[in-house]
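The values are calculated or read from the model by the stated rules, or taken from the named source; none is laboratory data. Not measured: the values here are computed from a predicted model. Neighbour counts run over all protein chains shown; Cβ positions are idealised from the backbone, glycine included.
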Amino acid sequence: MKLKKYQDRELKIKKRTFMLLLFLCVVSIGLLMYQSYAKYQDKATFRIINGKLKMSGGKGDIEFAFYNGDQKLDTLPLKDSGSVFLKSVCTNNATVKWDSENWVPTVYNLTETKTCCELYFGSKEDSICSLYPESATCKYNTAEETSELLFDDTEDKNLRYVGATPNNYVYFNCEKGKEQSKETCEIWRIIGFMNNIEDEDGVVGSHIKIIRDKFAKNYSWDSSISGVNNGYGVNEWSISTIEKVLNDEYLKRHAGSNLCYRYENKTTEICPDWETVGIRDEARDMVANIKWHTGTIPVTYDGNTNLITASYMYEAERSNHNGKEICQASGEKYCNDDVDRTTTWIGKVGLMYPSDYGYAVGAEVREACLEKTMYSYKSGNCMTYNWLYVSGSDQWTITPLSHSSSANSVVLVTWTGSVEGSRADIAMAIRPTVYLKSDVKIALNTADDYGSVDNPFVLEYSEN
């Protein structure tokens with residue numbers, strides 16, 4: 001028989017043990033409830049989903065809400081549903097960059113718990129319109145052939161300015177801190193609003209593509225020493241002389257070598273003063289580092305440059321065919337370079353594609369012209385109703401051209417309006433072309449002439 005004091009002592013120990021276990025249970029249940037709330041809680045407006053996120057730094061819980069336009073969804077739209085990502089709105093200053101290829105978000109500045117991000121999805125047409133401010137109207141018309149802004153017939157469904165004189169002028173490369181005007185900015189033009197463009201991080205999205213309206217001088221696309229392709233250059237964009245000038249000197253606004261190439265055998269002349277006429281810091285920050293396509297048609301250049309239609313050229317540009325693969329005379333002086341060819345290039349400043357010119361035709365001749373080879377654009381008013389055509393000027397494109405006996409041919413738009421091929425060393429017009437970052441949009445302006453040469457578009461940019 002136990003004494004009473006020992007019975008009381010044992011009872012106290014049991015009570016303490018019970019209280020400790022109860023406390024631990026409460027804490028465990030509380031933590032479990034918190035995790036369940038943070039990870040799986042359902043709310044009336046949207047489902048909360050916790051996933052693996054690529055974060056640039058920081059920590060915290062995140063909640064996602066999904067929308068198709070203004071309609072709230074119960075779950076994330078499937079990748080193959082035809083939806084594209086439009087925009088995100090987050091609390092706590094967090095931002096989202098959407099990877100359309102892998103269908104996952106990258107969340108930046110995720111530093112606070114209970115961060116909420118609304119993700120908006122829609123059609124490719126909606127994606128294009130998202131490059132305008134929310135309160136603006138997307139100015140396109142798919143029904144009227146006389147419209148100046150039309151979707152092309154590619155699977156990417158890009159929205160392009162077409163016709164002789166569309167209102168696609170835009171201020172770019174402006175002086176910092178000054179009101180945008182023709183005196184403080186350069187005048188560029190919008191080629192279009194392009195879908196399925198991949199940036200340096202592999203993120204696929206929509207971007208505004210612009211081209212310099214005028215460029216002062218003509219230069220070689222490439223030039224080489226006399227022992228390489230007879231001095232006529234090498235048709236590989238990634239190592240071309242003009243690519244280096246545009247991306248090392250013009251883009252960075254410094255003098256560099258201060259030499260530009262004109263004609264064969266690396267003949268040079270003094271470049272413009274890039275420190276004065278190059279891209280300023282604010283404009284440079286707007287330019288996206290993009291994967292450009294440098295493929296070409298898988299047929300030989302036959303002297304008539306029968307480069308097929310705009311739609312065929314669009315596919316060829318994105319192919320794995322390069323400018324040297326059919327060159328048969330490997331030891332011949334016009335085809336003896338040892339440069340490895342590529343069909344993509346990641347960079348900032350390029351030139352227009354031949355298909356950009358092909359799809360810029362508009363008005364009542366558009367349908368007939370798009371059925372023609374681009375070599376035939378010199379007839380049937382295809383060049384007359386094409387704003388990318390420049391009277392009296394040959395213009396380089398970024399695209400190499402296959403030739404059976406040389407490796408120096410590049411596609412150009414001629415002064416006659418046709419699309420042909422030429423030696424890379426010939427001096428022709430260079431019109432710098434860039435894709436703007438997906439955060440760059442056209443500022444709202446309700447004026448009827450907004451985008452005209454007298455009232456160019458104004459760009460706005462909020463960096464993540």
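Here are the numbers for this structure:
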{"quantity": "Which numbered condition Tyr232 fails, given (1) on the phi > 0 side of the Ramachandran plot; (2) over 28 Å from the mean Cα position of the chain (by Cα)", "calculated": "(1)"}
{"quantity": "Considering residues of the range 58-104 that are exposed (fewer than 13 other Cβ atoms within 10 Å of the Cβ) and at positive phi only, the residue modelled with the highest pLDDT", "calculated": "Asn93"}
{"quantity": "Matching strands (runs of 3 or more DSSP E) fully within the range 379-445 where at least 3 residues are under 30 Å from Tyr171 (Cβ atoms)", "calculated": "395-400, 409-413, 433-435, 440-442"}
{"quantity": "Residue list for the range 151-172, filter: under 21 Å from Ile187 (Cα atoms) and without any contact (Cβ under 8 Å) to a residue 60 or more places away in the chain", "calculated": "Leu159"}
{"quantity": "Yes/no for Thr399 being among the β-branched types (Val, Ile, Thr) and over 26 Å from the mean Cα position of the chain (by Cα)", "calculated": "no"}
{"quantity": "All positions within the range 184-211 that are touching a Phe, Trp or Tyr at 6+ places or on another chain (Cβ under 6 Å) and acidic (Asp, Glu)", "calculated": "Glu186"}
{"quantity": "Looking only at the range 201-235, and only at residues there that are of a type in the set (D, E, K, R) and out of contact with any strand residue (DSSP E or B) (no Cβ under 7 Å at 6 or more places or on another chain), the one that is nearest to Lys97 (Cα to Cα)", "calculated": "Asp201"}
{"quantity": "Near pairs, Cβ below 7 angstrom, 6+ apart or cross-chain, from the range 240-268 (at positive phi) to any residue that is acidic (Asp, Glu) and part of a loop (DSSP other than H, G, I, E, B)", "calculated": "Tyr263/Asp425"}
{"quantity": "Count - residues of the range 352-373 that are β-branched (Val, Ile, Thr) and more than 25 Å from Arg212 (Cβ to Cβ)", "calculated": "2"}
{"quantity": "Any hit, the range 363-370, residues being under 30 Å from Lys333 (Cα atoms) and surrounded by 23 or more Cβ atoms within 10 Å (Cβ to Cβ)", "calculated": "no"}
{"quantity": "Subset of the range 215-242 [surrounded by fewer than 21 Cβ atoms within 10 Å (Cβ to Cβ), within 16 Å of Asp394 (Cβ to Cβ) and of a type in the set (A, V, I, L, M)]", "calculated": "Ala216"}
